[in-house]
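Taking it in order: structure first as structure tokens, then the write-up.
What follows is calculated from the coordinates using simple rules that are stated; it is not laboratory data. From a predicted model like this one, the values you see are computed outputs, not experimental measurements. Reconstructed Cβ throughout: ideal geometry from the backbone, glycine too, with neighbour counts over all protein chains shown.
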Amino acid sequence: MVIKLKNELMLNSYKTIDGRGFKVEIANGPCITIHNVSHVIVHGIMIHYCKPSNPGLVRSSSIEHVVHRQRSDGDGISVFASSNIWIDHCYLARCTDGLIDVIHNSTNVTMSNNYFTLHDKVSIKKLK
């Protein structure tokens, strides 16, 4: 199953994306954003050919809560000001910007058993 998003997929706290047993791909559009949340698991999916999204309205939690988001930058997974995040057994390739960006005081982020390929930007930083 290939999922092509029109806008970034915003995850809420205490959520899991689990692709075990299926071939789940997010490709050819905006991808996943984990923003100001905690306790999220992303497991066993393929994320590739991610592109920047246009600004627009994105539902971030309940049916009533819609926020205006600026243009995303084309990351496969963007983790911003979040904690207790686990990204496991995922395949990430050929995204416009980074494959995974973990920024702005995100803590307790674990990336395990992932396959990163076909990309030329890699850095791991600890800023104080």
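Points to keep in mind about this one:
- Separation between Cα centres of region 15-37 and region 64-98, rounded to whole Å: 9 Å
- Dipole moment magnitude, nearest 20 debye, region 1-106 about Cα centre, only Lys, Arg, Asp, Glu C-beta charged: 280 debye
- By the beta-carbon count within 10 Å of each Cβ, the least crowded to most crowded order of Glu25, Glu8, fewest first, is Glu25, Glu8.
- Summed side-chain charge close to Val58 - residues other than Val58 whose Cβ falls under 13 Å, Lys, Arg +1, Asp, Glu -1: +3
- Bridgeable lysines around Lys121 (alpha carbons under 24 Å apart, same-chain partners fewer than 8 residues away excluded): Lys4, Lys51.
- In the chain, the DSSP beta bridges split such that about 10 percent are antiparallel, to the nearest 5.
- Fewest-first ranking of Val37, Val2, Val42, using other Cβ atoms within 10 Å as the exposure measure: Val2, Val37, Val42
- Footprinting exposure proxy for Val66, Val102 (fewest neighbouring C-beta atoms within 10 Å first): Val66, Val102
- Among Leu57, Leu11, Leu92, the residue with the largest mean-square fluctuation in a Gaussian network model of the chain, with springs joining Cα atoms closer than 10 Å, is Leu57.
- Extreme residue, positive dipole direction of region 32-112, given options Ser38, His104, Tyr91 (C-beta unit charges): Tyr91
- By the beta carbon rule, with partners counted only under 4.7 Å, the chain holds these lone Cys residues: Cys90.
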